[in-house]
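Notes follow once the structure below has been shown.
The values are calculated or read from the model by the stated rules, or taken from the named source; none is laboratory data. As the structure is a computational prediction, the values presented were derived from the model and not from experiment. Cβ placement follows ideal geometry from the backbone for every residue including glycine, while neighbour counts extend to all protein chains displayed. Ligands, DNA and RNA are stripped out before the accessible areas are found, and what is left, the full protein with its side chains, is counted by its heavy atoms. Shrake-Rupley method; radii C 1.70, N 1.55, O 1.52, S 1.80 Å.
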Amino acid sequence: MTALVDVTGRLRKMPAEAGDPVSYTIRVGDTRVPLNEMVGYPLQFDFDGVIRCIHCDRKTNKSFSQGYCYPCFRKLAACDSCIMSPEKCHYYEGTCREPEWGETHCMVEHVVYLANSSGLKVGITRGSQVPTRWIDQGAVDAIPMVRVATRQLAGFVEVACKQHVADRTNWRAMLKGDVPELDLVAERRRILALIADDLAGLRTTHGDNAIRAVDEEGLALSYPVQVWPRTIKTHNLDKSPSAEGVLQGIKGQYLILDTGVINIRKYTGYEVRFRVFPNN
Ligand SMILES: [Zn+2]
């Protein structure tokens, strides 16, 4: 059968644009394939065993921190443990792995937000990453709550919130579309009241202007999903290098195939042949 799309190259995180529904593109090497219109079509990934670091292009046997080789994982600020735990930012101690990167990625305005991806969660992101971050998490609704001057301050606010609200998505529930309805404006009011003392303490230390509660509007998001899976099976290209199935939907960074889901983000840097076949 002649494929409609047949491209080989390194996988990257899927670019997505907010809309009703969100509009996805898959990046394979230098090729970008619009994916929404492929829902309903059979597709196939074949991993050839080569992973190339998305930073230095070096071949690596294993992907670290979603797409990096081990030397880059050890060297880059983007792979430091403070990225996962922003409250541990050590820029001020003069030990940032890449201070210039830190200045553009961490020492800039961040947003602490509430999202509904599989229930209420708190999260943080750089101001410029809204709404990309929300889409990557498969949120159906999200709302800014606090704007802060740095990534570390966002981490401090998030730590305070974690006593009251989850910071993780249950990705299986997210992919099943098993999401409760939430009033995020009301939730924001509730959480801000619960962390009022924490915010006051942070303002005393870091200045009033460094932490700003906001009343901005939220954003509702829908995803191009035709059929919600009832049970979640996952394709694992490390164990089984070929994955095929009919594309039934796209949510977060996942493709939902009738044979299981595949987390494209997890395979960033993997060299694959990607094919789409006619759907008759
Ligand atoms: Zn590298």
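For region 68-83, give me the residue count where each residue is near the ligand (Cβ under 10 Å from one of its atoms) and in a loop (DSSP other than H, G, I, E, B).
First, the residues of region 68-83 that are near the ligand (Cβ under 10 Å from one of its atoms): 68-76, 79.
Still in the list and also in a loop (DSSP other than H, G, I, E, B): 69, 76.
Number satisfying all stated conditions: 2.
Among the residues making up region 51-65, those that are more than 8 Å from the ligand (Cβ to nearest atom) and over 14 Å from residue 12 (Cβ atoms) are 59, 61, 62, 64, 65. Just one of the listed residues (141, 80) is within 18 Å of the chain's Cα centre (by Cα), of a type in the set (D, E, K, R) and under 21 Å from residue 166 (Cβ atoms), and it is 141.
Which count do you get for residues in region 84-106 that are in a loop (DSSP other than H, G, I, E, B) and either open to solvent by 70 Å² or more (accessible area, probe 1.4 Å) or in contact with a Lys or Arg (Cβ under 7 Å, 6 or more places away or on another chain) (or both)?
First, pick out the residues of region 84-106 that are in a loop (DSSP other than H, G, I, E, B): 85, 89-90, 94-98, 106.
Of the ones still in play, those that are also either open to solvent by 70 Å² or more (accessible area, probe 1.4 Å) or in contact with a Lys or Arg (Cβ under 7 Å, 6 or more places away or on another chain) (or both) are 89, 95, 97, 106.
Of the residues in that region, 4 qualify.
Remark: pairs (first residue in region 57-73, on the phi < 0 side of the Ramachandran plot and at pLDDT 95 or above; second residue open to solvent by 70 Å² or more (accessible area, probe 1.4 Å) and near the ligand (Cβ under 6 Å from one of its atoms); Cβ separation under 6 Å; 6+ apart in sequence or on different chains) = 68/55; 69/58; 72/55.
I want to confirm something. Restricting to region 147-169 and keeping residues that are touching a strand residue (DSSP E or B) at 6+ places or on another chain (Cβ under 9 Å) and assigned to a loop (DSSP other than H, G, I, E, B), which single residue is most open to solvent (accessible area, probe 1.4 Å)? So the residue we want is 168.
Taking residue 123 as the residue in question, decide whether it is closer than 20 Å to residue 78 by Cβ and in contact with a helix residue (DSSP H, G or I) (Cβ under 6 Å, 6 or more places away or on another chain). Quick ask: steps written out before the conclusion?
On the way: closer than 20 Å to residue 78 by Cβ: yes; in contact with a helix residue (DSSP H, G or I) (Cβ under 6 Å, 6 or more places away or on another chain): no.
No.
Of all residues in region 114-131, one or more are closer than 13 Å to residue 222 by Cα, open to solvent by 10 Å² or more (accessible area, probe 1.4 Å) and assigned to a loop (DSSP other than H, G, I, E, B).
Taking region 43-58 only, how many residues are part of a strand (DSSP E or B) and surrounded by fewer than 17 Cβ atoms within 10 Å (Cβ to Cβ)? Working first, answer last.
Start the filter on region 43-58 by keeping residues that are part of a strand (DSSP E or B), which leaves 43-52.
Those still in the list that are surrounded by fewer than 17 Cβ atoms within 10 Å (Cβ to Cβ) too: 46, 48-50.
So the count comes out to 4.
Based on this model, can you work out whether residue 219 counts as within 24 Å of the chain's Cα centre (by Cα) and among the aliphatic types (A, V, I, L, M)? Walk me through it before giving the result.
Details: within 24 Å of the chain's Cα centre (by Cα): yes; among the aliphatic types (A, V, I, L, M): yes.
In short, yes.
Residue by residue through region 215-264, note down the ones that are open to solvent by 10 Å² or more (accessible area, probe 1.4 Å) and basic (Lys, Arg). 230, 233, 239 - these are the residues of region 215-264 that are open to solvent by 10 Å² or more (accessible area, probe 1.4 Å) and basic (Lys, Arg). Restricting the first member to region 160-173 and to residues that are touching a residue at least 24 places away in the same chain (Cβ under 8 Å), and the second to residues that are open to solvent by 70 Å² or more (accessible area, probe 1.4 Å) and not in a loop (DSSP other than H, G, I, E, B), the beta-carbon pairs closer than 6 Å and six or more apart or on different chains are 164/194. Which residues, counting only those in region 116-159, are more than 15 Å from residue 214 (Cβ to Cβ) and of a type in the set (A, V, I, L, M)? Correct list: 120, 135, 139, 140, 159.
When residue 40 is tested against the conditions (1) part of a loop (DSSP other than H, G, I, E, B); (2) in contact (Cβ under 8 Å) with a residue 60 or more places away in the chain; (3) open to solvent by 60 Å² or more (accessible area, probe 1.4 Å), the lone failure is (3). Across region 11-37, the number of residues qualifying as open to solvent by less than 50 Å² (accessible area, probe 1.4 Å), assigned to a strand (DSSP E or B) and within 20 Å of residue 241 (Cα to Cα) comes to 3.
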